[in-house]
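Read through the structure below, which is laid out as structure tokens, and then see the notes.
The values are calculated or read from the model by the stated rules, or taken from the named source; none is laboratory data. Just so it is clear, the model here is predicted, and its values are computed rather than measured. In this analysis, Cβ positions are derived from the backbone assuming ideal geometry, glycine residues included, and neighbour counts consider all displayed protein chains. The accessibility values were calculated without ligands, DNA or RNA, using every heavy atom of the protein model including side chains. Shrake-Rupley method; radii C 1.70, N 1.55, O 1.52, S 1.80 Å.
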Amino acid sequence: MTRTAVVTAGTGGIGLETALGLAQAGYAVTIVGRNPERGARAVERINAGGGEPARYLQADLASLHEVRTLAARITAEGELAVLVNNIGAMFPDHTRINGLEASFVVNHLSPYLLTESLLPVLTGRVVNVTSGSVIAAKKIFDDVEPPGGYYGFHWYGRAKLANLAYTLDLAHRQTKVSVLAADPGGAATDMTDGTMRTPKIVSPGLRLLWPLVRRTFERATSGPASAAARPSILAATDETLASGTVIGRRVTPVTPNRTAADPRVQEAVRTLSERHAPRVPVPDGVSN
């Protein structure tokens, strides 16, 4: 039987390299993204390597409505072996999507909802892509938006922290599939080439040190996307890895972030996620 895999944000960068690795491992890969032209080019590149044919599905994963539509289509097709939630975005300015803070939607609620919706047909494993930025995050999850000013890098880290907490929580709560996290480290991508070059994404204290901070960002994101994809590929394909494992940027298991592993944080994230991203469609006029 053909093993199937879905990679979100798979039309370029780390996502495409992850899809290439899974195709080489024998999976029939579906890549998801917003741009059909990028999708067509990515499928052509994957298929040039032979193996099972790849395909592209169009979806804007910043829209929870489109996440539900995508999940319904994939579910109708039957069993799915691997889901790699590679989607990620950082917003330099305070942005909302259907009334919800954009970074939290894209980096956590979207992969959360897609995973929860696909659990009935998943047979192998889920890989959620995390980030070292979780260490710079506020650790309060009473609401989608934390108190205080908006700083894109820190709010991105908070959303990734929520998703990592969800990953570890799901790994403990169910045994049907393995649930892992992978930290790609850094690579030159659209996000690192643009958003991470403006000082307004960090708190005022770090802005005073912006030349140093900028150089740190540049060093951390200078590697090729092919290398950054290796943690996700390992997490998706190595069946000896236990559920709940976090693969670090050096492509070896690492100790999970302490805050993400805290049961109280996991419960708060679960409550927040269930409130704002229910699996069932919400009534008209209600934020989804």
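Descriptive notes on the structure:
- The chain, helix-only ellipticity at 222 nm - DSSP H runs n ≥ 4, -39,500 (n - 2.57), divided by all residues, nearest 500: -11500 deg cm²/dmol
- Overall, the stretch 4-277 carries a charge dipole of about 680 debye about its Cα centre when +1 sits on the Cβ of Lys and Arg and -1 on the Cβ of Asp and Glu, all other atoms neutral.
- Of the solvent-accessible surface of the stretch 4-128, computed with a 1.4 Å probe over protein heavy atoms with every protein chain present, carbon and sulfur atoms account for 48 percent.
- Across all Cα atoms of the chain, the radius of gyration (one decimal) and Dmax (whole number) stand at 17.8, 57 Å.
- Among L61, A236, A71 the positive-end extreme of the charge dipole of the chain (Cβ point charges): A236
- For the chain, the per residue solvent-accessible surface stands at 45 Å², with DNA, RNA and ligands left out and a 1.4 Å probe.
- A Förster radius of 22 Å combined with the Cβ-Cβ distance from E77 to S226 puts the calculated FRET efficiency at roughly 0.15.
- The mean sequence separation of alpha-carbon pairs under 8 Å and at least six residues apart, normalised by the residue count of the stretch 1-78, gives a relative contact order of 26 percent.
- Distance from the alpha carbon centroid of the stretch 82-109 to that of the stretch 1-65 works out to 20 angstrom.
- One chain, two ends: D142 and R41. Fully extended at 0.36 nm per residue, the span grows by 32.2 nm beyond their Cα-Cα distance.
- Straight-distance candidates among the lysines for linking to K160, with alpha-carbon spacing under 20 Å and chain neighbours fewer than 8 residues away dropped: K138, K139, K200.
- Simple spin-label estimate for D93 and Q174 gives 3.9 nm between the two label positions (7 Å along the Cα-to-Cβ direction from each Cα).
- Taking N as its residue count, the alpha carbon Rg of the stretch 227-266 over 2.2 N^0.38 Å: 1.27
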